[in-house]
Amino acid sequence: MAYTFDGSTKRITLPTGMVTLNLVDLHSRWKEWILAGNAECLLAFSTVGGEITEIPLYLFMQNGWLIVPQSANHTLTVTNGILVGQGGADPFTDPAGSYKIRINRQVPGIAIGYSTTGGSSGPTAAEIAAAVRLELSTEMARVDAAVSTRATIADVFAAA
């Protein structure tokens with residue numbers, strides 16, 4: 001199905017009959033439209049993700065662009081990514097006429113995990129302490145004064 005991109009009004013109109021908006025497809029068709037001689041128009045989207053299939057596509061509307069659903073009573077399902085309006089606003093605007101349109105956003109799930117066991121792990125506290133002592137052993141050997149954590153202010157002035 002063909003989208004209608006209008007750079008002068010900054011509107012992306014969805015075709016008649018479209019009840020599922022695939023964000024990956026929308027972004028791809030928009031890039032094709034830009035490359036087909038519309039590069040003078042302000043960018044409609046900025047993106048994050050989508051290059052690796054495990055990371056969902058995040059489309060951020062910008063420069064006043066909005067999406068116009070088809071002119072019919074329907075539920076529009078948004079799939080394959082997350083669509084964010086400029087400044088967090090609604091990325092959709094109503095078509096001309098009086099229609100009941102519901103937007104169903106299917107938010108992709110993404111799980112980020114980490115392991116605290118197995119695999120490569122960092123050094124233990126004891127290993128770090130041993131490495132620090134080894135590194136400082138030459139310097140510490142040159143210290144010829146007794147060092148105590150029990151010194152008082154009187155001890156400091158008496159030594160001077």
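Each label point is 7 Å from the Cα along the Cα-to-Cβ direction; what then is the distance between the points at E40 and M140, in nm?
7.4
In debye, nearest 20, what is the charge dipole magnitude of region 4-105 about its Cα centre with +1 on Lys and Arg Cβ and -1 on Asp and Glu Cβ, if you could check?
Computed about the Cα centre, the dipole is about 280 debye.
How large is ³J(HN,Hα), in whole Hz, for each residue of region 37-48 in order, when computed from phi with the Karplus curve 6.51 cos²θ - 1.76 cosθ + 1.60 and θ = phi - 60°, using x for Gly and Pro?
Couplings: x, 10, 5, 6, 6, 5, 4, 8, 9, 10, 10, 9 Hz.
Work out the FRET efficiency for A72 and K10 from their Cβ-Cβ distance, taking R0 = 25 Å, and round it to the nearest 0.05.
Once rounded, the FRET efficiency stands at 0.65.
Given a Förster distance of 41 angstrom, what is the FRET efficiency for A130 paired with A158, based on the Cβ-Cβ distance and rounded to 0.05?
0.70
Suppose the chain between N63 and T47 were pulled fully straight at 0.36 nm per residue; how much longer would it get relative to their current alpha carbon spacing?
Length gained, N63 through T47: 4.4 nm.
Translational diffusion coefficient of region 4-105 at 25 °C, 0.890 mPa s, Stokes-Einstein with Kirkwood Rh over Cα pairs, in µm²/s as a whole number.
Taking Rh from Cα pairs, D becomes 175 µm²/s.
None of the figures in this text is laboratory data; all of them are computed from the coordinates on show. Computed from a prediction, not measured in an experiment: that's the story for all the values here. Neighbour counts are summed over all protein chains in view; Cβ atoms, including those assigned to glycine, are modelled from backbone coordinates with ideal geometry.
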